[in-house]
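S.K.: Submitted below is the structure of interest, expressed as structure tokens.
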Amino acid sequence: MRIDIVTIFPEIAEGPLRSSIMGRAGEAGIVDVRFHDLREYTTGKHRKADDLPYGGGPGMVMKPEPFFAAVEELKTEGAKVIFLTPQGKPFRQAKAVDLSKESHLIFLCGHYEGVDHRVVEALVDEEISIGDYVLTNGTLAAAVVVDAIVRLVPGVVGDERSIEEESFSGDGSRLEAPHYTRPAEFRGMEVPPVLLSGNHAEIEKWRRQMAEERTRANRPDLLGEE
Ligand code: JA5
């Protein structure tokens with residue numbers, strides 16, 4: 001899988017995506033993540049990537065030309081272009097699963113007040129939001145989305161059972177049960193005895209019950225209760 005990230009702050013995405021599991025996926029040749037400085041696609045001696053908004057208002061708007069130049073250079077046949085924006089569709093695990101099956105993704109990241117809308121109209125296949133909050137730029141959001149996608153590519157995460165059993169996979173209706181490891185007693189706090197019992201039916205039952213309780217407390221919306 002190839003991934004291109006186009007941003008005026010490539011270093012924001014490079015840090016997290018070159019570390020740990022994501023970095024090893026790159027070194028193993030499973031994914032090819034490339035970072036592109038949008039400024040390289042600007043022209044003129046000031047390399048300007050933004051300008052005043054038509055119609056007035058605060059802040060600056062990103063110019064269309066550098067995004068068009070970048071996509072025209074990077075796009076391969078069948079590549080999907082994704083724009084990170086608070087106005088996009090909410091990003092969910094099901095979308096990460098779909099996108100993990102693509103062969104080439106291009107992420108466009110905004111900054112300032114926004115991006116000239118002709119970029120969205122002419123270049124972008126999907127607008128995605130990672131949540132209802134404001135960020136200073138879309139690059140962190142792109143790193144989040146890329147991480148969620150890349151870990152689903154076969155061979156990136158060691159034990160693929162951990163993907164099947166996690167929150168939001170399957171029908172996505174329950175959070176995960178809590179996890180414990182050694183020591184069995186730590187500062188007077190004990191691991192729930194059922195987990196040490198070796199009784200797998202009882203362990204499953206306990207996990208289902210805990211998952212339900214946590215979901216009711218933290219995400220009643222997943223149970224249709226709010
Ligand atoms: C902010 C100029 O989904 C959360 C997001 C927040 C945010 C995104 S995506 N892009 C930008 C941006 O700010 O371009």
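The values are calculated or read from the model by the stated rules, or taken from the named source; none is laboratory data. Quick caveat: nothing in here was measured; it's all calculated off a predicted structure. Note: ideal-geometry Cβ built from the backbone for every residue, glycine included; neighbour counts use all protein chains shown. We work out accessible area using only protein heavy atoms, side chains counted, and drop any ligands, DNA or RNA first. Shrake-Rupley method; radii C 1.70, N 1.55, O 1.52, S 1.80 Å.
S.K.: Residues in the stretch 44-56 that are over 16 Å from V6 (Cβ atoms) and without any contact (Cβ under 8 Å) to a residue 60 or more places away in the chain: how many? Steps first, answer last, please.
M.R.: At the first step, the residues of the stretch 44-56 found to be over 16 Å from V6 (Cβ atoms) are 44-46, 48, 51-56.
Still in the list and also without any contact (Cβ under 8 Å) to a residue 60 or more places away in the chain: 44-46, 48, 51-52, 54-56.
Residues that pass the stated criteria total 9.
S.K.: Let me ask something else. Which one of V134, V61 is open to solvent by 20 Å² or more (accessible area, probe 1.4 Å) and in contact with a Gly (Cβ under 9 Å, 6 or more places away or on another chain)? Walk me through how you get there before you give the answer.
M.R.: Working: V134 fails: in contact with a Gly (Cβ under 9 Å, 6 or more places away or on another chain).
After ruling out the rest, the residue left standing is V61.
S.K.: Are any residues in the stretch 192-212 aliphatic (A, V, I, L, M), loosely packed, with under 15 Cβ neighbours inside 10 Å and free of Cβ contacts under 8 Å to residues at least 12 places away in the same chain, and if so, which ones?
M.R.: A201
S.K.: For the stretch 158-171, which residues satisfy the criterion of being of a type in the set (G, A, S) and surrounded by fewer than 16 Cβ atoms within 10 Å (Cβ to Cβ)? Spell out the reasoning first.
M.R.: If we filter the stretch 158-171 for residues that are of a type in the set (G, A, S), which is where we start, we get 158, 162, 167, 169-170.
Residues satisfying the conditions are G158, S162, G170.
Table: residues versus (1) of a type outside the set (V, I, T); (2) in contact with a Phe, Trp or Tyr (Cβ under 8 Å, 6 or more places away or on another chain); (3) not assigned by TED's automatic domain parsing to the domain that holds V120.
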{"residue": "A28", "(1), (2), (3)": "yes, no, no"}
{"residue": "D32", "(1), (2), (3)": "yes, no, no"}
{"residue": "L52", "(1), (2), (3)": "yes, no, no"}
{"residue": "G56", "(1), (2), (3)": "yes, no, no"}
{"residue": "V61", "(1), (2), (3)": "no, yes, no"}
{"residue": "R92", "(1), (2), (3)": "yes, yes, no"}
{"residue": "K101", "(1), (2), (3)": "yes, no, no"}
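S.K.: Checking the condition touching a Pro at 6+ places or on another chain (Cβ under 9 Å) and in contact (Cβ under 8 Å) with a residue 40 or more places away in the chain, which residue from M1, M60 passes?
M.R.: Numbers: M1 fails: touching a Pro at 6+ places or on another chain (Cβ under 9 Å).
Within the list M1, M60, the selection yields M60.
S.K.: Just the residues that are more than 14 Å from I5 (Cα to Cα), more than 7 Å from the ligand (Cβ to nearest atom) and in contact (Cβ under 8 Å) with a residue 60 or more places away in the chain, please, taken from the stretch 98-116.
M.R.: Once the filter is applied, which keeps residues that are more than 14 Å from I5 (Cα to Cα), more than 7 Å from the ligand (Cβ to nearest atom) and in contact (Cβ under 8 Å) with a residue 60 or more places away in the chain, the stretch 98-116 yields S100, E102, S103.
S.K.: Looking only at the stretch 73-82, count how many residues are in contact with a Phe, Trp or Tyr (Cβ under 9 Å, 6 or more places away or on another chain) and open to solvent by less than 20 Å² (accessible area, probe 1.4 Å). Spell out the reasoning first.
M.R.: So in the stretch 73-82, the residues in contact with a Phe, Trp or Tyr (Cβ under 9 Å, 6 or more places away or on another chain) come out as 73, 81-82.
Pick out the ones that are also open to solvent by less than 20 Å² (accessible area, probe 1.4 Å) and you get 81-82.
Total meeting the criteria: 2.
S.K.: Still on this model: Is it the case that G138 is within 16 Å of the ligand (Cβ to nearest atom) and at positive phi?
M.R.: Values: within 16 Å of the ligand (Cβ to nearest atom): yes; at positive phi: no.
In short, no.
S.K.: Having 2 or more residues that are under 21 Å from L84 (Cα atoms) and not β-branched (V, I, T) is the bar; report the helices (runs of 4 or more DSSP H) wholly within the stretch 118-226 that clear it.
M.R.: Values: elements: 139-150, 161-164, 200-218.
Output list reads 139-150.
Per-residue answers, yes or no, for (1) open to solvent by 90 Å² or more (accessible area, probe 1.4 Å); (2) of a type in the set (S, T, Y):
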site: A96; (1), (2): no, no
site: L99; (1), (2): no, no
site: I106; (1), (2): no, no
site: G114; (1), (2): no, no
site: A148; (1), (2): no, no
site: V153; (1), (2): no, no
site: S173; (1), (2): no, yes
site: R182; (1), (2): yes, no
